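> Following this message is one structure expressed as structure tokens.
Every read-out reported here was derived from the displayed coordinates using simple, explicitly stated rules and does not represent laboratory data. Quick caveat, the model's predicted, so the values are computed rather than measured. Cβ sites come from the backbone with ideal geometry, for glycine too, and all protein chains shown count toward neighbours.
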Amino acid sequence: MQKREIERGEQAEPMKSGLFFKVGAASVKPMCVCRDCPSYPGGGDRVVYCVRGASGLPVEKKGCICPKCRVYKLARLAPHRYFCFNGAARVLKKEARGQD
Ligand code: SF4
Ligand code: SF4
């Protein structure tokens, strides 16, 4: 079965992360390449959007380099992208499953 990418018309709302996800995000952060991405909103924003969910800053989509990130491959996040805009991978995966 082919997995579908969830794409939003509007940027998702930022979400509050519990301790479990904060710890997860901290361990993933050294591998995250968001700060090198043309779509990174800047302002020292918190990155690791695949775990933490969408940015609270406006994101202009200019390409997503997540597929170059080790986390992307290890956590099998394809075909989803633009987590800074679309929201956390776990939410997108759940939505994609719901569409099947
Ligand atoms: S997959 Fe994307 S958001 Fe997640 S850690 Fe890698 S670069 Fe950051
Ligand atoms: S989630 Fe993707 S689009 Fe957003 S900053 Fe990270 S690499 Fe770029």
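> What are the ³J(HN,Hα) values, in whole Hz, obtained from phi via the Karplus relation 6.51 cos²θ - 1.76 cosθ + 1.60 with θ = phi - 60°, for each residue of region 50-61 in sequence order, with x given for Gly and Pro?
5, 9, 7, x, 4, 5, x, 9, x, 10, 9, 6
> Going highest first, how would you order 45-55, 19-29 by mean Cβ packing within 10 Å?
Averaged packing, sorted descending, gives the order 45-55, 19-29.
> Shifting gears a bit: Among Leu74, Leu57, rank each residue by its count of other Cβ atoms within 10 Å, from fewest to most, as a rough exposure measure.
Leu74, Leu57
> Could you go through region 37-42 in sequence order and give the Karplus-derived ³J(HN,Hα) for each residue, using 6.51 cos²θ - 1.76 cosθ + 1.60 with θ = phi - 60°, rounded to whole Hz, and x for Gly and Pro?
Result, rounded to whole Hz: 8, x, 8, 4, x, x.
> Can you put Glu10, Glu95 in order of Cβ neighbours within 10 angstrom, beginning with the fewest?
In order of increasing Cβ crowding within 10 Å: Glu10, Glu95.
> Give me the three principal axis extents of region 19-98 from the C-alpha atoms, as integers in angstrom, largest value leading.
Answer, in whole Å and largest first: 32, 25, 23 Å.
> Take Lys61 and Ser27, extend 7 Å from each Cα along the Cα→Cβ direction, and tell me the distance between the two endpoints in nm.
3.1 nm
> Please give the Cα centre distance for region 52-100 versus region 27-51, rounded to the nearest Å.
If we compute the Cα centre of each part, the gap is 12 Å.
> Charges only on Cβ, +1 for Lys and Arg, -1 for Asp and Glu: so what's the dipole of the chain about the Cα centre, in debye to the nearest 20?
Taking the Cα centre of the chain as origin, the dipole is about 420 debye.
> Among residues other than Arg35 whose Cβ falls under 13 Å from its Cβ, what is the net charge (Lys/Arg +1, Asp/Glu -1)?
+1
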